[in-house]
Each structure stands twice: as C-alpha cells, then as structure tokens.
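The values are calculated or read from the model by the stated rules, or taken from the named source; none is laboratory data. No experiment lies behind these values; they were computed from the predicted model shown. All Cβ positions, glycine included, derive from the backbone under ideal geometry; neighbour counts span all protein chains shown. Keep in mind that these areas ignore ligands, DNA and RNA; they rest on the heavy atoms of the full protein, side chains included. Shrake-Rupley method; radii C 1.70, N 1.55, O 1.52, S 1.80 Å.
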Amino acid sequence: MAPMLLFFFLLFPPLSLQAHCQLTSTPLPLAPALFVIGDSTVDCGTNNHLFTLARADRLPYGRDFDTRRPTGRFSNGRVVVDYLALRLKLPFVRPYLGLSGKVEELVRGVNYASAGAGVLFASGSDLGMHISLMEQMQQVSETYERLELSLGEAAAADLFANSIFYISIGSNDFIHYYFKNTTNVRPLFLPWEFNQLLVDTIKHELKNLYNLNARKVVVMGLPPIGCTPHYLWEYDSVYGDCVEQINNMVVQLNFAMTYMVHKLNLELHGATFTFCDTFEGSMDIFRNRDRYGFVTTTDACCGLGKYGGMVMCLFPEMACKNATNHVWWDEFHPTEAVNLILADDVWSGKHIDMCFPMNLQDMIAHKT
C-alpha cells in the first residue's frame, strides 16, 4: 500500500456514510501539521510545566485569548503561530510537555517552544528552567521516532516532509546573555562574532531538521529589541527613540541569517527554507502606526516604570483596558494585534514583503 494511503487509513479508519458526509464539510488542512520551535514569542504553555520565572500562566496574560484564560502565551491573546495554524486549517498547536506521546496527539503538530530559551544553551539561564534550542531539537527527534514506530518509516518521513516547521528564537541570546554580559561573554565576542556564532548554531540545527526529513521551514528573524519598552526604560530614552546600538546588532544578525538560509536552499536538495525579517515587519508597524490603529508604539499595555519597561506584567491591575491600540503588551512582547499583522505578512505579505525567498502561502503551493 502506498505510504500516504497507509498513513490516511491509520489516522482515519473507514467511516459510515453519515460520518463521511459530516467529515467532507470540514476544510482539509493545507499541510499535514505545524511544528513550532522557539522562545516566548511562540511558547503556548511549555513553561507552565517548568520551575522558572518566565511564566505566563496567570492573568492578565491570555485575557483576550479565545478562552479568556491564561494558557502560557506571552500575550494578551493569540501569538503568531495561532493565526498561522488557522490559515493552514489546523488546530492550535499544543505544547510538547503537555502531551502523553500518543500518535493522535502528534500528527497535527507539536509546539516545543520555551520562554527563556536561546540559540545557545546558557542563554536565559538567569530565569530558571527552560528548554534550549538543542533540547527542543532532541524533542523533535523523539517525536519523529514515535511517528516511525506508530506509522512506519515511509509515512513518518512523508508527514515531516509535507509539514511546516516554524522557528522563532534568538532574542534571549541578546537580552539574557550578551547584553547582560552573562559569564563575562562580551569581551570574548565582538558583536559580529557573536552574531556569527548564533548563525552557525542555527544552521547546524536546520541541517539536523533536514536530516529528519523536514523540507518546509520558516525561520523568523529577530524583532527590533532596541525598541522594546524594557530597553527604552533601561537606556532612559527621552522621546521613545529606539536604542540604535542594539537594533544595529539585530539588523546585522538578520542579514547574516538571510544569506545563510539562501545558501541552505542551494545546498540541500528539495529543501524550501524561507527567512522572515521580523525587524522589517515590526518597523513597518512603527512607521505606520496610525494606519494600523495604534495609539502608542512605546508604552507597554502592562508594566511599571517609564514606558512600562521596568518589570514584566504581574497583576491584572497593571494592564491597560484596551490592548488593541498598543504595540507592546509587556516589557518585551507584542500584543495580539501586532501578532495578527505579522502573521498576515508571514502568510501572504499582506502589508509588507518580509519573507525571502517566499511567504508561507507560496511555500505551501511550491513544488520541491
């Protein structure tokens, strides 16, 4: 029996006519599954299971989410991958640490992302426990092994090859490692050397994904970290101007990431990697805040101190009433409204073309 046909029957045994009619009214997914690797930008509950300061399992986090309850997402509502799951006609992806490991829980995708995680193992260690990029990749490998055991080698390979892998990580390597000068790292690496270390590490893990038969991978660049309320407060920005020395380092990293992804597409047969420049997508929002309906691009909806950047969101009383007109939810994370805009740009370039060589919608249609 052909691998895809076998895979279909394993997941969906024969139905009665009535059940078949009900099933056909449900839109078919545009990809078999969505697998998410990353940090707090896409964590959907991993850190709820860990002993760490980086937790979003209390209100007002999640107050505007579908359930109106905190889920572990570092936002007032949905994060980018939630919107992309809807575009793909898939359910919201569940955290790996909350699953039992049954194949039925794995075949539509898994979210491995962990707040505080960095590209480098030591990044974010000041916050407590987290699942680093290397550890998340180990979890991906374990997922693949479980799929092989349940579905067979051919069906597991086919599932990974046609699924979407989404990677959003790297901010904590700056915020909780390089700029904090953890373990006296700054004298050891010039900015460009540190950036190259991050690029080389990500490249290695992308090749590991390829070796697990992943073929469609979205790699997100870093946002304008120098524009976050935390750094506006820490650097005592007078008029809300972004911290250029931080943003310059982010721009240089994103440029190097673009070139690395381009080279991988040439080197790895059948691979479709795309790089989405979150910095450019975010700056478009800052430059056109009126068009997007934002009142402020500097002040966090939830926080204390100037710009709300002194401490993270701790209590519901700290939050503004209307998060939809704020770019920033807390000292580091955007609001659900921003996540929707960025998701639209990743999906189709609706507002600005920030993905190279193609957006996710085109990746779905692209034949390798």
Here, ALA122 and ASP236, labelled 7 Å along Cα→Cβ, have an inter-label distance in nm of 3.0 nm
Spelling it out for CYS355: with amide H atoms placed in the peptide plane at 1.01 Å from N, the residues 5 or more places away or on another chain with amide H under 5 Å from its amide H are ASP277
Long-range amide H partners of TRP328, meaning residues 5 or more apart or on another chain whose placed amide H is closer than 5 Å, are CYS301, THR335
Mean-square fluctuation maximum in Gaussian network of the chain, Cα pairs under 10 Å, restricted to ASN211, ASN111, ASN172, hits ASN211
Largest fluctuation, VAL311, VAL81, VAL107 only, Gaussian network model of the chain with Cα springs under 10 angstrom, belongs to VAL311
Amide H neighbours of CYS320 at under 5 Å, excluding residues fewer than 5 places away on the same chain, with H built from the backbone geometry, are CYS302
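Accessible area per residue of the chain at 1.4 Å probe, in Å²?
44 Å²
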Magnitude of the Cβ-charge dipole (Lys and Arg +1, Asp and Glu -1) of the chain about the Cα centre, nearest 20 debye, reported as 700 debye
Here the gain from full extension of LYS321 to ARG291, 0.36 nm per residue of separation minus their alpha-carbon distance, amounts to 8.7 nm
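Can you give the extra length, in nm with one decimal, that the chain gains between TYR259 and ALA161 once fully stretched, where that is 0.36 nm per residue apart less the Cα-Cα distance?
Between TYR259 and ALA161, full extension yields an extra 33.0 nm.
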In this structure, the FRET efficiency calculated for LEU149 and HIS269 from their beta-carbon separation, with R0 = 45 Å, to the nearest 0.05, is 0.95
Carbon and sulfur atoms account, in whole percent of the 1.4 Å probe accessible area of the chain, for 58 percent
For the range 187-312, the dipole about the Cα centre with charges only on Cβ (Lys and Arg +1, Asp and Glu -1), to the nearest 20 debye, works out at 500 debye
Computed over the chain: longest principal axis from alpha-carbon atoms vs helix 191-211 long axis, angle to nearest 10 degrees, is 10 degrees
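Any idea what the dipole of the range 48-142 comes to, in debye rounded to 20, about its Cα centre with Lys/Arg Cβ at +1 and Asp/Glu Cβ at -1? Walk me through the numbers before you get to the answer.
Numbers: 12 positive and 9 negative charges, 88 e Å.
Dipole about the Cα centre, nearest 20: 420 debye.
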Phi-derived 3J(HN,Hα) across the range 351-365 with the Karplus relation (6.51, -1.76, 1.60, θ = phi - 60°), rounded Hz, x for Gly and Pro, is 9, 7, 7, 10, 10, 9, x, 7, 7, 5, 4, 6, 4, 4, 7
If unit charges are put on Cβ atoms (+1 for Lys and Arg, -1 for Asp and Glu) and the dipole of the chain is taken about its Cα centre, the option from GLY170, LEU253, LEU147 lying farthest towards the positive end turns out to be LEU147
Once the in-chain neighbours fewer than 8 apart are removed, the aspartates and glutamates whose Cα is under 14 Å from LYS207 read GLU267
The range 113-244: relative contact order from alpha carbon pairs under 8 Å, six or more residues apart, as a whole percent, is 28 percent
Ordering 338-344, 269-275, 326-332 by per-residue average of other C-beta atoms within 10 angstrom, highest first, gives 326-332, 338-344, 269-275
When the chain is treated as a Gaussian network with springs between alpha carbons less than 10 Å apart, the largest mean-square fluctuation among PRO223, PRO60, PRO29 is found at PRO29
Applied in sequence order to the range 174-190, the curve 6.51 cos²θ - 1.76 cosθ + 1.60 (Karplus, θ = phi - 60°) yields integer Hz couplings, x standing for Gly and Pro, of 8, 5, 10, 9, 5, 6, 7, 6, 4, 6, 6, 6, 5, x, 7, 9, 5
Percent antiparallel among DSSP beta bridges confined to the chain, nearest 5, equals 25 percent
A chain fully extended from LYS207 to GLU244 at 0.36 nm per residue, minus the present Cα-Cα distance, gains in nm 10.1 nm
With only helices counted (DSSP H, runs n ≥ 4, each -39500 (n - 2.57)), the per-residue ellipticity at 222 nm for the chain, to the nearest 500, works out to -11500 deg cm²/dmol
